[in-house]
Amino acid sequence: MAVLKMLATLLARGVRQEPPGPTPRRCRQPRLVQQCRRPEAALTHLPLPDSPPASLGCDAVGVPARFGFRLLGSMPRNGCVFADGQWWWWIVPAGSDLDLLWPLPAHYARGARVPGNSPRLIRGPDGASPYTPPIPLYLMACQLTGSAPKWPAKVGSAQGV
């Protein structure tokens, strides 16, 4: 009962408003967030060689450079691979992010427009296609980052039929 009386007394007094003070300073954003929020003009388009043609359109999947050699050596077949000092980028067919959530720190770049300082082609395609197969690339990216692959429920189930 005493608690209810105290609560009623507090409510009757009203809410105390703090006097306006200085505006809080904005926190600096982490570097990765700053890179992802760059204006569109700050992105670099990865220039594919003229042959073989990229008839399916192209996107790119990037991983930090520390994973580059391991991923390159683990893939059954590589398409065009670009690199700068911090990231390595694999060319994949457009739409390779459909129903896939690429694991962090991997980065999916639509239209092969990537942040970075002029990545250069470090490896041409192994065959007649400029693309790296996206499913093996996705599985290897998951393995390197310690993430479990995430597939939509409808894929391979009776519900999707």
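Before moving on, here are some points about what is shown:
- Of the residues making up region 88-105, those that are surrounded by fewer than 22 Cβ atoms within 10 Å (Cβ to Cβ) and farther than 12 Å from TYR131 by Cβ are ASP97, LEU98, ASP99, LEU100, LEU101, TRP102, PRO103, LEU104, PRO105.
- Meets criteria (in contact with a helix residue (DSSP H, G or I) (Cβ under 8 Å, 6 or more places away or on another chain) and of a type in the set (Phe, Trp, Tyr)) for PHE67: yes
- Within region 58-69, considering residues that are more than 14 Å from the chain's Cα centre (by Cα) and surrounded by 13 or more Cβ atoms within 10 Å (Cβ to Cβ), the one nearest to ARG110 (Cα to Cα): CYS58
- Residue pairs meeting the criteria (Cβ under 8 Å; at least 6 apart or on separate chains; first touching a residue at least 60 places away in the same chain (Cβ under 8 Å) and part of a helix (DSSP H, G or I), in region 59-82; second β-branched (Val, Ile, Thr) and surrounded by 21 or more Cβ atoms within 10 Å (Cβ to Cβ)): LEU71/VAL63
- Residue within region 78-87 that is open to solvent by 30 Å² or more (accessible area, probe 1.4 Å) and under 16 Å from the mean Cα position of the chain (by Cα) present: yes
- Filtering GLY73, GLY116, GLY111 for residues that are at positive phi and modelled with pLDDT of 85 or more leaves a single hit, GLY111.
- Residues satisfying the stated conditions in region 37-50, i.e. open to solvent by less than 90 Å² (accessible area, probe 1.4 Å), more than 11 Å from ALA83 (Cβ to Cβ) and either hydroxyl-bearing (Ser, Thr, Tyr) or modelled with pLDDT of 75 or more (or both): ALA42, LEU43, THR44, PRO47, LEU48, PRO49
The values are calculated or read from the model by the stated rules, or taken from the named source; none is laboratory data. Quantities reported herein were computed from a predicted structural model and do not represent experimental measurements. For neighbour counting, all protein chains shown are included, and Cβ atoms are generated from backbone atoms with ideal geometry for every residue, glycine included. For the accessible areas, the whole protein counts, side chains as well, though only heavy atoms, and no ligand, DNA or RNA atoms are used. Shrake-Rupley method; radii C 1.70, N 1.55, O 1.52, S 1.80 Å.
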